[in-house]
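I have placed the structure first, in the form of structure tokens, so that the comments after it can refer back to it.
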């Protein structure tokens, strides 16, 4: 049985040879790089202990450096399962979801005709390249020079020029023996509706050859030189060689670059790809004049786990990105995603590279946005969520998008990420003035009895969090060097009060100063008022590190306890906030467990922070005194001999169990 032309190419493009071979071998995790499709294992064709069997998943081939076995997915199935060629093809076709074609007695004839079409395409590429070097191509050469393309780049991408002549290519290739039917079927020429003589499809255009993953010319793209042309860009029509929904510009070189770890960047047009490659971003491709299709998306994921989508920063580019989100959601899998590079408004990669160079582009690539964030931006940008109805509508839209994800684990992670974004939006909303949120205004002034309380000290955020933040700042002011021990936690801390955040950042920046020098520096940076307000808080005055300024360990314990409480408070509040939404829907046991765990974590943090670990001694008269404070008073023993003697008696000597008393700190 003969297979129709292109069937095996399609089969190989749909399959991952890594998955096919992976059923028979165990990959060597030390030598393999799964992300790059670089896989190694002991050879299944001969006995060995070392991993000399190599699979290049991106190119679709395997090779053993020991026994020299080599081939593709079809040959691997044939050799390992002892099958004939057509049997192996049938096995793989079922796995790829492809229908085996019916017997075609004219298959060889079609294969020969397909080969003739490829020859015509290669002849056309050569013809257009020669035309660019003639006098007729002078204007095109000037245009390319203005776009920054040198001769090496023009040669690398095989750019050419189609003169504005009705039958220039048709007659040139006809003279080389290509009949009109071949030129028309290859998409190089067209026959008018009135049945007249065929004419060239590409005229008055710069020509960009389009090649498949094996480097064969399959189509052409043309940019009009005239500003009044009906279409600025023109691609080859659908032919037996060319299907623009399954092709990408610069596919083969980009696949090779992605295999070496270079980023795979999806730009919008030919010139963007060429500019990116010239700037060193060799893994650049472009769809061919249309939005990215399912087939192109699968092709991209075969080359890289997270392609970078760098579409133009105009309305059309953003719309294309949004459409791609809808296309991608049902096809997402663990480890296969998209990141979006948001270009400046009105700019494309070519513009950005000419103005800012490779560094400007690299900066944007480094800040590529995960797809979940762009989805959130699409659903929230330009909207106001100041009522339960509007927030419920947002939740319904987001739930509809998440439900389209087939992978249950990935669906849960998307749901978690969107919940976090909702929580951040709610926090930002709570930071707005009460009048803008539709809430009654706060009292104009605190009562006299609360003048020295935390509530009257100003600032924003929940009181428990501000209370813990104040403890952290006060302890660090007394022992600045402790900031180095918790620097990572402080940098990632979501401060509830902007004033506290400013003071925390200043302390981190000047942690090498002494306590006195730090206070002077903070007063210069922030003014005296924040320090005075912090010093005046009554709940801090009773804390051990304030009563014993030289006690560095008590300050360290206070900071650790406060950080734990902040984490527990914020986690508890987030769970409660999410519960408000979930309880209106389908409440499950999972919701109850989450709330219980959050409440227990919060209670543990509060108890740990409130517990006073001071060692107290019990005098004969029952009075309690801090052992370290007693020992620090030199005249205490001489002025209180009876109590001193009693204090030196351990509880066991007095016939009583050891006593440690825990007092609330505040």
**Report entry** Residue among 316, 284, 310 that is within 20 Å of the chain's Cα centre (by Cα) and farther than 29 Å from residue 120 by Cα
**Finding:** 310
Query raised in the report: Among (1) outside any strand (DSSP E or B); (2) under 42 Å from the mean Cα position of the chain (by Cα); (3) surrounded by 19 or more Cβ atoms within 10 Å (Cβ to Cβ), where does residue 208 come up short?
Result: (1)
Query raised in the report: Quick one: would you say residue 311 is in contact (Cβ under 8 Å) with a residue 40 or more places away in the chain and touching a helix residue (DSSP H, G or I) at 6+ places or on another chain (Cβ under 7 Å)?
Result: yes
Query - Residue within segment 222-237 that is without any contact (Cβ under 8 Å) to a residue 24 or more places away in the chain, touching a strand residue (DSSP E or B) at 6+ places or on another chain (Cβ under 6 Å) and surrounded by fewer than 22 Cβ atoms within 10 Å (Cβ to Cβ) present - result: yes
**Report entry** Residue identified as free of Cβ contacts under 8 Å to residues at least 60 places away in the same chain and under 29 Å from residue 279 (Cβ atoms) among 360, 393
**Finding:** 360
Report task. May I ask you to verify whether residue 241 is surrounded by 22 or more Cβ atoms within 10 Å (Cβ to Cβ), at pLDDT below 95, part of a loop (DSSP other than H, G, I, E, B) and at negative phi? Result -> yes
Query raised in the report: Condition test on residue 98, is it surrounded by 15 or more Cβ atoms within 10 Å (Cβ to Cβ), in contact (Cβ under 8 Å) with a residue 40 or more places away in the chain and not in a helix (DSSP H, G or I)?
Result: yes
Query raised in the report: What do you reckon, is residue 88 closer than 30 Å to residue 240 by Cβ and without any contact (Cβ under 8 Å) to a residue 24 or more places away in the chain?
Result: yes
Query raised in the report: Is it the case that residue 126 is surrounded by fewer than 19 Cβ atoms within 10 Å (Cβ to Cβ) and more than 16 Å from residue 211 (Cα to Cα)?
Result: no
Report summary line: Filtering helices (runs of 4 or more DSSP H) wholly in segment 111-202 for at least 3 residues that are farther than 30 Å from residue 3 by Cα, touching a residue at least 60 places away in the same chain (Cβ under 8 Å) and over 44 Å from the mean Cα position of the chain (by Cα) gives none
Report task. Check every one of the helices (runs of 4 or more DSSP H) wholly within segment 433-520 and list those with 2 or more residues that are under 23 Å from residue 542 (Cα atoms) and modelled with pLDDT of 85 or more. Result -> 463-478, 498-509
Query - Only listed residue being touching a helix residue (DSSP H, G or I) at 6+ places or on another chain (Cβ under 7 Å), assigned by TED's automatic domain parsing to the domain that holds residue 236 and over 22 Å from residue 252 (Cα atoms), chosen from 168, 148, 160, 204 - result: 148
Report task. Determine whether residue 261 is in a loop (DSSP other than H, G, I, E, B) and in the same structural domain as residue 151 (by TED's automatic domain parsing). Result -> no
Report task. Filter segment 333-359 for residues that are under 19 Å from the mean Cα position of the chain (by Cα) and either buried (at least 20 other Cβ atoms within 10 Å of the Cβ) or under 15 Å from residue 263 (Cβ atoms) (or both) and give the result. Result -> 337, 338, 339, 340, 341, 343
Query raised in the report: Taking the condition buried (at least 16 other Cβ atoms within 10 Å of the Cβ), in contact (Cβ under 8 Å) with a residue 40 or more places away in the chain and in contact with a helix residue (DSSP H, G or I) (Cβ under 6 Å, 6 or more places away or on another chain), does residue 264 pass?
Result: yes
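This table checks each residue for (1) out of contact with any helix residue (DSSP H, G or I) (no Cβ under 8 Å at 6 or more places or on another chain); (2) without any contact (Cβ under 8 Å) to a residue 40 or more places away in the chain.
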residue	(1), (2)
493	no, no
506	no, yes
513	no, yes
536	no, no
542	yes, no
564	no, no
569	no, no
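The values are calculated or read from the model by the stated rules, or taken from the named source; none is laboratory data. Remember, predicted model here, so these are calculated numbers, not experimental data. Glycine also receives a Cβ, built like all others from the backbone with ideal geometry; neighbour counts cover every protein chain displayed.
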